[in-house]
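Let me begin by presenting the structure, written as structure tokens, before commenting on it.
The values are calculated or read from the model by the stated rules, or taken from the named source; none is laboratory data. Remember, it's a predicted structure, so these values are computed and weren't measured experimentally. Neighbour counts are summed over all protein chains in view; Cβ atoms, including those assigned to glycine, are modelled from backbone coordinates with ideal geometry. Remember, those area values only see protein heavy atoms, side chains included, never the ligands or the DNA or RNA. Shrake-Rupley method; radii C 1.70, N 1.55, O 1.52, S 1.80 Å.
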Amino acid sequence: MADTVLAVRGLRKAFGALVVSDDVALEVRTGECHALIGPNGAGKTTLLAQLAGEVAPDAGTIRFGDRDVTRLGPDARARLGIARSFQITTIVADFTAEDNVALAVQARAATSMRFWRSAARDAALRDPARAALVRVGLGPRANTRASDLAHGEQRLLELAIALAQEPAVLLLDEPMAGLGHDESRAMIALLREIKPAVAMLLIEHDMQAVAELADRVTVLVAGHAIASGSYETIRTDPRVREAYLGDDG
Amino acid sequence: MTLALLIALPPLAAVLDQPFWVNTVTRILILALAAVSLDLIVGYGGLVSFGHAAYFAVGGYTIAVLAQHGIDAALIAWPAAVVAAAVLAAIVGTLSLRTTGIFFIMITLAFAQMVFFTLVAVKAWGGNDGLPLDARSVLPLVNLRDPNALYFVCLGLLLAFVALAAQLVESRFGMVLRGARSSERRMLALGFPTFRYKLVAFVVAGAGAGLAGALWAEYARFVSTDMASWTRSGEFLVMVILGGLGSLVGAIYGAAVLLGLESFLAGFTEHWMLLLGAILLVVVLFAKRGLYGWLAGANDG
Amino acid sequence: MSLAIEQILNGLQFGVMIFLLAAGLTLVFGIMGVINLAHGSLYMLGAFVAASAAGRGAPFVLAVLAGAGAAALAGVVMELVVIRRLYRREHLDQVLATFALILIANDGVAIAWGKTPVRMDVPGALTGAVTFAGLTYPTYRLLLIAAGLAVAAGLYVLISRTRLGMLIRAGATHRETVAALGVDIAKLNTIVFALGALLAGVAGALLAPILAVQVGMGEQILILTFVAIVVGGLGSIRGAFIGALLVGLVDTLGRAYIPVLLKPVAAPALADSLGGGLSAIAIYVLMAIVLVWKPRGLFPVGSR
Ligand SMILES: Nc1ncnc2c1ncn2[C@@H]1O[C@H](COP(=O)(O)OP(=O)(O)OP(=O)(O)O)[C@@H](O)[C@H]1O
Ligand SMILES: [Mg+2]
């Protein structure tokens, strides 16, 4: 089997009395897509935020390869190779699409304390940025301001940014949210293409996407991972049907 | 256009026998330097510092105190002023940049107040009375006692700083700084330690204000605690806003307009502050993009 | 010993007066999200109106009421004309717009009353001093402490027990819910702003007999007030109270004792200069320490 890149043990997090991560364990491997599903408010986004370093867990460990990253901040984890997309699109709204991706390229290059050359004419940034945009189908929109892009395009931009980071781990928070049917199909195709090179954690409500992409599915209910296994086993698990899929088929 | 006018000003003033023009514009150039440095962090970094006068004052007092001890070589005193202001900015920035929003505004104000009251308290530096300079510093080849020479030195340094700042905001560093202004979360998720970038910008801005303070000390041959007062910090912000946030050159117009308005209004009424306040209020409430945005028309981003 | 008690009382008196300003400022921030630098101008107006009313022979209580009323009225106008346009604006715009208001207010007051300080006498019945526990303390200052504490208690009751207070508390955290309940938010804002202005006016009027009533007096106390509410945590009345007392005590005790404490360790000239400097900056050091330690103040409110 492929290597485990990201491993979570005994993760706990509470906001006051509300427990959002209740002793969660999880693994993500290179070449695999691990889907995280669960009803609204189950704590999926908060779990992802803990993996990305935005939210500090109350207890538990997060390992990246053989390194304990539990105490690292989000920027340090990103530099190690953990990239994320946001459920609510988070881009630099007043930059162009290309600028947004160029920043990701720049972050990887780790030479950003550069004060002289104009970044707008820096081929070392611009070429890879364009390539990433072309890959998600945003090539023609490269010079459009990010805030002027349509919602679906912004979701694709989020993905292009994550791709340009060339991460080892890709944490995706509902990349399909708000997309139309065709847009979703395109996104799924894209993610399949990317999958072999990364370890992917995918939060998604779209069961079609989960069925097509996920090698393993974990079901989170009220912060608790109630079941984990292949899509088929999960789909037929009575507890899951009761807690989550019940109203979905 | 403006630049040609600025270069032609001293001979023009001489021909028209209006020598005070040179003085007035020198003053504008110096304050514009401080305003441009503030625009670098407010306009591009989103860091609303309400204590920029502190660096201005530290620059000025460095010159005056060095002169007091007999050091009048500009090539020593000016860099010393810049370094002193930069060091203060590094300390204040390190402590302040942990906070955001109004807390940042208030903590930068608090540090500036500390500088202000320290200057008031140090009797050796004149306390509330300020500290006069016997003569301007000495620069090789240039006689700063000549108002025109001082004028061109100020103009040159202002242009150099604008060029440096413009370069900075267009560079990779500037991309990160501007990105963090608009979405800090995204920049962190990309792996940028945003704190460091903001701190560097904060220090560069402090250094620019320090240089402006040094030039002010040379120009006025006098420094006082007024240089560090919170109203002075407020005026710098007003210049930046009048000129239009994040346009660097705009801040120069902002400084010119504020000083111009002040002397124009003061010319025909004793209560010019009331009018100035009213104008400022209208600009803030209704003309968001400032003078520069208005001058540059809709095509400026 | 009795000197220490006297200094503590001075600090307390200063603190409760700062609280009168801080309460309004912090409410306006908590509910409307507006930083109002011109809050000190309302305080100045209260002082001027009270002083000139007293100067025309109005009894003390009436003079104070006139000052408070004038400030409240000015507050309503300020809210309707300027502040309400700033609700959704950036802090920078708020700072600049209210900075402009200060310029207008200072010049306006200078036009109405001139630039020389106006005097107001301590009312005859309160000119004396009270002696207790071996300590003699001016009656009027004791009255200030009592008045300040009474207002604080009244405010506490208002906020925790009345319908208006309930709306104020809810307005700070759940704007939308309050709006959905059919409450006229715009009116609520005006009332809260006027209440804050009233308290600032009371502070100005009460302090008028013991301070120089002059143009610019608002800014001096405004910055201290900001320190108080930032230290306490913006939007929190309790934070404002504790922050204000801290500022009052630290400032007063700092000025009284830092130079004395420096005497044995530094040369006299240095001790003087250093002591003066240190005591003047003591509250700013306090604020910096608090913010570095707790970037949102001692009693942070909500998520704003
Ligand atoms: N910073 C916070 N403070 C307090 N509560 C929070 C915070 N962030 C999230 N919550 C709460 O934690 C719970 C889990 O939120 P989370 O966003 O992780 O859910 P989710 O599974 O991603 O839901 P959805 O499917 O709607 O995206 C929710 O009840 C939310 O209100
Ligand atoms: Mg979510």
Fill in: Where N is the number of residues in the stretch B:1-132, Cα Rg divided by 2.2 N^0.38 Å
1.26
Fill in: Per principal axis, descending, Cα span of chain C in whole Å
63, 51, 37
Practice prompt. Apply the membrane-span-like helix rule to chain B: whole DSSP H runs, Cα extent along the own long axis of at least 15 Å, mean Kyte-Doolittle hydropathy at least 0.5. List the helices found.
Written response: B:2-15, B:20-45, B:53-68, B:74-96, B:101-121, B:147-170, B:194-220, B:230-243, B:249-268, B:272-286
Worksheet item: Among the trypsin sites (Lys or Arg not before Pro) within the stretch B:122-210, which fall in a DSSP loop and have no more than 15 other Cβ atoms within 10 Å of their own Cβ?
Response: B:R145
Worksheet item: Using modelled backbone amide H atoms (1.01 Å from N, in-plane), which distant-in-sequence or interchain residues come within less than 5 Å of B:L139's amide H?
Response: B:A74, B:L144
Worksheet item: On a 0 to 90 degree scale, rounded to 10, what angle separates helix C:237-262 from the longest Cα axis of chain C?
Response: 20 degrees
Worksheet item: Any idea what angle helix C:139-161 forms with the longest principal axis of chain C, computed on alpha-carbon atoms, 0 to 90 degrees, nearest 10?
Response: 30 degrees
Worksheet entry | Per-residue mean of C-beta atoms belonging to partner chains within 10 Å, peptide A:65-76 | 2
Worksheet entry | Rounded to 5, percent antiparallel among DSSP beta bridges of the protein assembly as shown | 65 percent
Worksheet item: Nearest 20 debye, what's the magnitude of the dipole of the stretch A:1-99 about its Cα centre given +1 on Lys and Arg Cβ and -1 on Asp and Glu Cβ?
Response: 300 debye
Worksheet, complete the sentence: Sorting C:I159, C:I145, C:P117 by the position of each Cα along the dipole of chain C (Lys, Arg +1; Asp, Glu -1; all at Cβ), the one nearest the positive end of that ordering is C:I159
Worksheet entry | Exposed-site-free run, longest, chain A (rule: trypsin sites (Lys or Arg not before Pro); DSSP loop; at most 14 other C-beta within 10 Å) | A:118-249
Worksheet item: What percent do you get for the relative contact order of chain B when only Cα pairs under 8 Å and 6+ apart count?
Response: 32 percent
Practice prompt. Would you grab the residues whose amide H sits under 5 Å from the one on A:V217? Only those 5+ places off in sequence or on another chain, please, with H modelled 1.01 Å from N.
Written response: A:A35, A:G229, A:S230, A:Y231
Discussion item. For a protection proxy built on the mean count of beta-carbon atoms within 10 angstrom, sort A:98-106, C:210-218 highest first, please.
Written reply: A:98-106, C:210-218
Worksheet item: Quick one: Debye curve from the C-alpha atoms of the protein assembly as shown, no solvent, what's log10 I(q)/I(0) at q = 0.09 Å⁻¹?
Response: -1.01
Response to the item:
Carbon and sulfur atoms account, in whole percent of the 1.4 Å probe accessible area of the stretch A:163-206, for 52 percent
Worksheet item: Can you list, bin by bin at 10 Å, the percent of alpha carbon pairs in chain A, starting at 0?
Response: 7, 31, 35, 20, 5, 1, 0
Fill in: Within 10 Å of each Cβ in B:173-185, the average number of Cβ atoms from other chains
6
Worksheet item: Of C:G124, C:G233, C:G15, which is the most mobile in a GNM of chain C whose springs link Cα atoms less than 10 angstrom apart?
Response: C:G124
Worksheet item: Rg(Cα) of the stretch C:119-167 divided by 2.2 N^0.38 Å?
Response: 1.65
Worksheet, complete the sentence: Averaged per residue, the 1.4 Å probe accessible area of the stretch C:4-118, protein heavy atoms only, in Å², is roughly 32 Å²
Worksheet item: For the stretch A:29-92 and the stretch B:177-197, what is the separation of their Cα centres, given in Å?
Response: 18 Å
Worksheet entry | Shielding of B:235-243 by partner chains, average beta-carbon count, 10 Å | 2
Fill in: Ellipsoid equivalent to the stretch B:25-228 - semi-axes via the Cα gyration tensor, in Å
31, 20, 12
Discussion item. Probe radius 1.4 Å, ligands and nucleic acids ignored: give me the carbon and sulfur share of the accessible area of the stretch C:2-214 as a rounded percent.
Written reply: 66 percent
Worksheet entry | Area hidden from solvent between C and B (accessible, protein heavy atoms only, 1.4 Å, total, Å²) | 3800 Å²
Practice prompt. Please build a GNM for chain A, connecting alpha carbons under 10 Å apart, and tell me which residue among A:E158, A:E232, A:E27 fluctuates the most.
Written response: A:E232
Worksheet item: Relative contact order, percent, of the stretch A:90-164 when contacts are C-alpha pairs under 8 Å separated by at least 6 residues?
Response: 47 percent
Worksheet item: What quantity of accessible surface, computed with a 1.4 Å probe and excluding non-protein components, is buried in total between chains A and B, in Å² to the nearest 100?
Response: 2700 Å²
Discussion item. I'd like the orientation of helix C:39-55 relative to chain C: the angle between its Cα long axis and the longest Cα principal axis, in ° from 0 to 90, rounded to 10.
Written reply: 70 degrees
Discussion item. Applying a 10 Å radius around every beta-carbon, put A:52-59, B:201-208 in order of their mean neighbour count, most first.
Written reply: B:201-208, A:52-59
Discussion item. At 1.4 Å probe radius, can you tell me the per residue accessible area of the stretch B:161-301 in Å²?
Written reply: 36 Å²
